[in-house]
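The values are calculated or read from the model by the stated rules, or taken from the named source; none is laboratory data. Being a predicted model, the structure only gives us computed values, none of them experimental. Positions of Cβ are generated from backbone atoms using ideal geometry, with glycine treated the same way; all protein chains shown enter the neighbour counts. The area values use the complete protein model at the heavy-atom level, side chains included, leaving out ligands, DNA and RNA. Shrake-Rupley method; radii C 1.70, N 1.55, O 1.52, S 1.80 Å.
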Amino acid sequence: MSKVIVVTSGKGGVGKTTSSAAIGAGLAMRGHKTVVIDFDVGLRNLDMIMGCERRVVFDFINVIQGDAKLKQALIKDRRLENLHVLPTSQTRDKDALTTEGVKKVLDELREEFDYIVCDSPAGIERGAHLAMYYADEAVVVTNPEVSSVRDSDRVLGLLNSKTALAEKGDGSAVKAQLLLTRFDQNRSANGEMMSVEDVLEILAIPLLGIIPESTSVLKASNEGTPVSLDEKSPAGKAYMDAVGRLVGEQIEMRVNPGEQRRGFFQRLLGRTA
Amino acid sequence: MQSGKSAAQTVATVKPLQIRGRTFTAIALHLTGRPDRTFFEALEARLNQTPLFFDNAPLVIDLEQAAGLDSAQELMHLTAELRRRKLSVFGIQSGTPAQARAAAEAGLISLPGGRDAALERVSRQGSRPVPAAPPAPKEPANLMINQPVRSGQTVFADRGDLIVVGSVSSGAEVIAAGNIHIYGRLRGRALAGVNGDTSARIFCHALDAELLAIAGLYRTSENLGADTPRQYVQVHLQGEVLRIESLK
Ligand SMILES: Nc1ncnc2c1ncn2[C@@H]1O[C@H](COP(=O)(O)OP(=O)(O)O)[C@@H](O)[C@H]1O
Ligand SMILES: [Mg+2]
């Protein structure tokens with residue numbers, strides 16, 4: 001059974017594309033056949049973050065408009081056997097996306113892939129709407145600040161009403177989970193940013209993971225590597241934990257997996273004292 | 001990437017248009033005179049009570065009690081003013097022939113009167129079948145929402161109480177003809193008794209509201225005061241005063 005997962009947020013710049021790439025790579029690493037689709041028509045960021053921008057010949061829009069076959073547009077990742085990217089067009093605008101076109105492409109992808117990860121554009125207009133419309137699950141990317149939380153709340157309302165599952169009217173719903181990104185423990189502790197509890201209290205959905213603010217994210221995106229492939233990065237580890245939870249594993253929530261070692265030393269020190 | 005031919009073929013497979021019948025609810029704005037300054041002030045006050053509720057709502061201007069308003073210019077001005085307030089005016093109803101002409105000139109369509117008038121006419125003529133049963137008298141209908149009401153959403157219990165099992169987010173609106181019960185935190189706006197029921201109340205587990213209103217009398221977060229109880233509260237009207245009391 002294949003799953004369509006939309007990575008969405010309402011607000012821009014919160015880490016949707018970073019998260020789509022990291023989650024896609026993480027799922028592929030775990031052996032699931034995965035494709036990541038870029039719905040941000042006109043901006044084309046995903047292929048850069050995934051390091052395949054030079055290999056784009058045909059794109060999602062070409063497939064929708066019947067100018068290319070899906071097989072011609074899919075780019076197979078060079079590092080991970082199971083990972084594919086469906087890039088978007090740099091030149092068209094989001095009106096090129098149609099409900100029927102998106103459905104057709106997703107249906108075709110469902111036959112071949114275990115996971116279809118949709119990287120949504122910001123906003124709540126057409127592009128974002130179509131990215132979420134056929135989703136089975138949603139990863140709602142939120143930064144610990146008031147405006148991001150409010151936009152996520154808005155998006156959750158749309159997931160509950162403006163999706164194919166919600167429109168069935170039989171009680172089906174897109175399963176939405178929260179991915180709190182760019183989290184900075186210190187700034188949260190001293191009140192500069194919202195706490196995990198505050199965000200959860202407002203959004204009232206399950207927590208998929210907490211991704212710390214980390215310089216390794218920018219480094220990875222400059223290199224065109226999904227950050228989850230960086231084993232040393234705390235953000236990468238947090239993404240791998242989140243992927244584990246996404247596929248249904250019970251993994252303890254750690255605010256900063258990178259700090260594990262320090263915790264270990266602290267424990268040692270605690271013992272000798 | 002490929003020739004224009006394949007693009008043309010793609011287009012040909014898409015149906016150029018579809019026509020579907022559709023019914024929808026519109027708001028009728030009953031004018032009782034000329035749209036002067038007092039009118040716009042009253043309108044403004046009404047819109048401020050439930051800002052999201054009327055946002056871009058389809059609206060028809062009812063001219064039954066505004067017989068004098070029959071110049072296209074005045075209708076155009078009114079339409080522009082209403083649209084500026086995000087009301088989507090599309091026509092007039094119950095107008096005289098002169099008003100209908102003015103409306104056409106102002107780019108508005110003319111609808112026959114509301115539904116009541118139409119039904120009456122049908123049964124008097126007796127030529128067309130009368131609807132089998134008269135519309136049942138409106139019974140109160142409560143509305144239960146079992147999930148959080150999110151920012152940007154409006155929930156309206158137009159004939160009874162509204163019960164929300166969950167929180168109401170900042171930027172969300174809950175409206176009821178009757179009482180409002182919120183088993184969660186109220187961060188958005190709550191308007192009870194919107195049809196004028198001054199005995200309506202608002203109950204909530206935690207109060208952090210942007211606006212509270214009963215029968216049109218409202219208080220906003222700015223004038224709630226620091227000593228307002230915030231946990232397990234009820235809001236009710238005492239004369240002209242909106243009181244917020246702890247239930248404990
Ligand atoms: N955990 C993180 N730590 C540091 N920077 C991050 C993190 N997540 C995202 N960023 C940075 O934030 C910016 C926006 O990220 P992006 O994934 O493009 O967001 P979106 O797709 O939501 O617009 C990028 O510069 C990215 O490198
Ligand atoms: Mg993006």
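Sorted by average packing, counted as other Cβ atoms within 10 angstrom per residue and highest first, what order do A:80-88, B:167-175, B:90-98, A:214-222 take?
Result, highest mean Cβ count within 10 Å first: B:167-175, A:80-88, B:90-98, A:214-222.
Once both labels are positioned 7 Å from their Cα atoms along Cα-to-Cβ, the gap between residue B:183 and residue A:93 label points is 4.7 nm. Backbone phi angles across region B:159-167, fed through the Karplus curve with coefficients 6.51, -1.76 and 1.60 (θ = phi - 60°), yield HN-Hα couplings of 10, x, 7, 10, 10, 10, 9, x, 9 Hz in residue order; Gly and Pro are listed as x. The Cα atoms of the protein assembly as shown define a convex hull whose projected area, averaged across directions, is 33.7 nm². Give me the net charge of residue A:230's neighbourhood, meaning all other residues with Cβ under 13 Å from the Cβ of residue A:230; Lys, Arg count +1, Asp, Glu -1. Net local charge, residue A:230 excluded: +2. With helices as the sole contributors, the protein assembly as shown gives -9500 deg cm²/dmol at 222 nm; each DSSP H run of n ≥ 4 counts as -39500 (n - 2.57), and the sum is divided by every residue.
Under a 5 Å amide H cut-off, with hydrogens placed 1.01 Å from N, residue B:93 pairs with B:61, B:62, B:63, B:111 among residues at least 5 apart or on other chains.
Any idea what diffusion coefficient chain A gets from Stokes-Einstein, in µm²/s, Kirkwood Rh on alpha carbon pairs, 20 °C, 1.002 mPa s?
Estimated diffusion coefficient is 114 µm²/s.
Between residue B:198 and residue B:156, residue separation times 0.36 nm minus the direct Cα-Cα distance comes to 13.4 nm.
Comparing A:20, A:161, A:152 in a Gaussian network model of chain A where C-alpha atoms under 10 Å apart are linked, the largest mean-square fluctuation is found at A:161. Straight-line cross-link reach from residue A:71 at under 27 Å between alpha-carbon atoms covers these lysines, not counting any fewer than eight positions away in the same chain: A:3, A:16, A:33, A:94, A:103, A:104, B:5, B:15.
Placing pseudo-labels 7 Å out from each Cα toward the beta carbon at residue B:77 and residue B:243 gives an inter-label distance of 4.6 nm.
Among the residues of B:142-153, the average count of other protein chain beta-carbon atoms within 10 Å of the residue beta-carbon is 5. The HN-Hα couplings worked out from phi for region B:191-203 by the Karplus form 6.51 cos²θ - 1.76 cosθ + 1.60 (θ = phi - 60°) are 10, 9, x, 5, 8, x, 6, 6, 8, 5, 9, 10, 10 Hz, whole numbers, x standing for Gly and Pro. Treating only the Cα positions of region B:27-111 as identical point scatterers, give the base-10 log of I(q)/I(0) from the Debye formula at each q in 0.16, 0.22 Å⁻¹. The Debye formula, applied to the Cα set alone, gives -0.55, -1.04. For residue B:27, the residues whose modelled amide H falls within less than 5 Å of its own, excluding neighbours fewer than 5 places apart on the same chain, are B:59, B:60. Counting only protein heavy atoms and a 1.4 Å probe, the protein assembly as shown has 52 square angstrom of accessible area per residue. Between residue A:147 and residue A:189, how high is the FRET efficiency from 1/(1 + (r/R0)^6) when r is the Cβ-Cβ distance and R₀ = 30 Å? Nearest 0.05. With a Förster radius of 30 Å, E is 0.90.
Here the accessible area is traced with a 1.4 Å probe on the protein chains. For the protein assembly as shown, carbon and sulfur cover 51 percent of it. Of A:146, A:102, the order by accessible heavy-atom surface (1.4 Å probe, DNA, RNA and ligands excluded), from most exposed downward, is A:146, A:102. Accessible surface buried by the B/A pair amounts to about 1400 Å², both sides summed, 1.4 Å probe. Of the residues A:169, A:157, A:127, the one that moves most in a GNM of chain A with alpha-carbon contacts below 10 Å is A:169. Distances between every pair of Cα atoms in region B:143-246, grouped in 5 Å steps from 0 to the bin holding the largest one, split as 3, 15, 28, 28, 18, 6, 1 percent.
For the peptide A:64-71, the mean number of other protein chain Cβ atoms found within 10 angstrom of a residue's Cβ is 3.
Semi-axes of the equivalent ellipsoid for region A:67-156, computed as √(5λ) from the eigenvalues of its C-alpha gyration tensor and ordered from largest down, come to 25, 17, 13 Å.
Between residue A:231 and residue A:161, the simple label model (points 7 Å from Cα in the Cβ direction) yields a spacing of 4.8 nm.
Computed from backbone phi, the HN-Hα couplings of region A:35-43 come to 10, 10, 10, 8, 9, 8, 4, x, 10 Hz, rounded to whole numbers (Karplus: 6.51 cos²θ - 1.76 cosθ + 1.60, θ = phi - 60°; Gly and Pro given as x).
Considering amide H positions built from the backbone, and no H for Pro or chain starts, which residues 5 or more places from residue A:10, or on another chain, come under 5 Å of its amide H? Those qualifying (amide H under 5 Å, at least 5 residues apart or on another chain) are A:123.
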